[in-house]
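Q: This structure is in structure tokens; I'll ask about it shortly.
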Number of protein chains: 2
Amino acid sequence: MRISELSRRSGVPTATIKFYLREGLMPPGRATSATQAEYDESHLRRLRLVRALIGARGLSVSAAKEIVGSLSEVEGDTYELLGLVFGVWPGAGGGTDTGAGQGAKADGDADSSANAGQDAEVDALIAELGWDVTEFSPARKTVTRTLNTLRGLGIAYDWRALLPYARLAERTAALDLDQIEGPEDPLEKAERAVQLTFLLEPALLALRRLAQESEAAARYRGPSDRP
Amino acid sequence: MRISELSRRSGVPTATIKFYLREGLMPPGRATSATQAEYDESHLRRLRLVRALIGARGLSVSAAKEIVGSLSEVEGDTYELLGLVFGVWPGAGGGTDTGAGQGAKADGDADSSANAGQDAEVDALIAELGWDVTEFSPARKTVTRTLNTLRGLGIAYDWRALLPYARLAERTAALDLDQIEGPEDPLEKAERAVQLTFLLEPALLALRRLAQESEAAARYRGPSDRP
DNA sequence: CTAGTTAGAGAGTGGCGCTATCCATATTAG
DNA sequence: CTAATATGGATAGCGCCACTCTCTAACTAG
């Protein structure tokens, strides 16, 4: 199909598709001449995925590029492939503030790009859980940052408070992995993993919110509020 | 204290503090004259909270405003207060795409601002769980939208697939509520609820990612990959 | 008195996600 | 075969957002 049909079938303007092609969010079509290219169903699927990541999940274009990029680097077996997918962190490299307050003692540490053992708390948490993760996972830094942020707000919070959450995350992850058991093809598995990992996130947070509301009703609702 | 000290103690430029004041993210200081105002510790705490919501959590200024606004509307008891906090949804009103594809049958429904019974799937889910939530919770629409997005990608997905996730969300929410048991004052409870609800979100997603990685290693790692 | 600070308001800035325009070539309707 | 339309590629522009700068008039510390 040509670009106009791709546009019609996806609901995305051609100008935007061209933009995504330029940005590398989609592979170029098969060129049939200097000013003509042919697209197929895989382009349509990719386009819909990109739109879902950017629109529904709210990722930035560059984050979406990283994610779909991991899908294109497929070479190894299922484990490597999933490692690639799960290792992508949307906003990696964007540490905003560490909670700078009154104690302005900036220690100039040896800022290596890989984790060199700072994140000590996360290391302890992971060790306690017995998890098997690489030291390069960007998600480590996210946990560290959250802990620092909470403490910057004056809350006494250490990794132990996250332990029960982590146990539930473990079971959530098991559910996720169950759902990619279906396809045999590693590539399909990876695509399914991307969809479930990223697109389910808003729903999981929404479910937490609804559950909080329900739990608050159970704990704090006075008799006068009952219907 | 005056604005410069507020700036020094928080690390936020005065221009930005003025901007937040203009946008209503912080209450104005107590004016001592036409060009002078006095701020106190509560302003500092609010400022740090706003920064954490915008910086660490990545919320927009208007979303942050809604959230801290819920803290200011405090009048009722703990239940009402928590209902206010848990009822806020960061990006409410921003439904991006519903997964428009080939089947372009736009039914012009009576778009009422409150939920008028569409979200049937979420209703079923909530009923099955026995949750006690109002029909106005914006989180409902988020779940509906996620379901639609996944189906728009060609995945067969209905509310039943979310059931086990919801059960885990229930337990996560119980952990959240446990942690706001501390303070007696409803206002402090509410502030703690905001902190835990919103600032923990990135960490919870990061823990899921780490757990996925670990679970994938357990399930798919071949013998050759072992250290 | 003077130098510095402050509240308040408006304009300006840089980044981002598109969107519009242009041009040389291709395709296609008649 | 010609003319209208579509395409790929490139560049420039637009609208929004989160600040950031500038300015004025009033205050305050020394």
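Q: Report whether or not A:R22 is away from DNA strand D (no atom under 14 Å from the Cβ) and either crowded, with 17+ Cβ neighbours inside 10 Å or not in a strand (DSSP E or B) (or both).
A: Judged against the criteria, A:R22 is not a match.
Q: Filter region A:1-52 for residues that are within 30 Å of A:A203 (Cβ to Cβ) and touching an Asp or Glu at 6+ places or on another chain (Cβ under 7 Å) and give the result.
A: Selection gives A:R51 alone.
Q: Could you list, in sequence order, the residues of region B:148-205 that are among the polar types (S, T, N, Q) and either within 7 Å of chain A (Cβ to nearest Cβ) or part of a helix (DSSP H, G or I) (or both)?
A: Scanning region B:148-205 gives B:N148, B:T149, B:T172, B:Q195, B:T197.
One line per residue, one yes/no per condition, for (1) within 8 Å of DNA strand C (Cβ to nearest atom); (2) assigned to a helix (DSSP H, G or I):
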position	(1), (2)
A:K18	yes, yes
A:P28	no, no
A:A37	no, no
A:R48	no, yes
A:L53	no, yes
A:S70	no, yes
A:E75	no, no
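Q: Hey, could you check region B:137-179 for residues that are closer than 27 Å to B:E80 by Cβ and free of Cβ contacts under 8 Å to residues at least 24 places away in the same chain and say which is surrounded by the most Cβ atoms within 10 Å (Cβ to Cβ)?
A: Applying the filter and picking the extreme gives B:A169.
Q: If you check B:S42 against the conditions, is it out of contact with any helix residue (DSSP H, G or I) (no Cβ under 9 Å at 6 or more places or on another chain), in contact (Cβ under 8 Å) with a residue 40 or more places away in the chain and more than 13 Å from DNA strand C (Cβ to nearest atom)?
A: So B:S42 fails the test.
Q: Additional query: Which one is farthest from DNA strand C (Cβ to nearest atom) among residues in region B:56-68 that are among the small types (G, A, S) and surrounded by fewer than 19 Cβ atoms within 10 Å (Cβ to Cβ)?
A: B:S62
Q: Suppose we keep only residues that are aliphatic (A, V, I, L, M) and not in a helix (DSSP H, G or I) within region B:1-16. Which one would you say is nearest to DNA strand D (Cβ to nearest atom)?
A: In this case the residue turns out to be B:V12.
Quick note: the coordinates plus some simple rules give every number you see, no bench work behind them. As the structure is a computational prediction, the values presented were derived from the model and not from experiment. Using ideal geometry, Cβ is built from the backbone for each residue, glycine included, and neighbour counts are taken over all protein chains shown.
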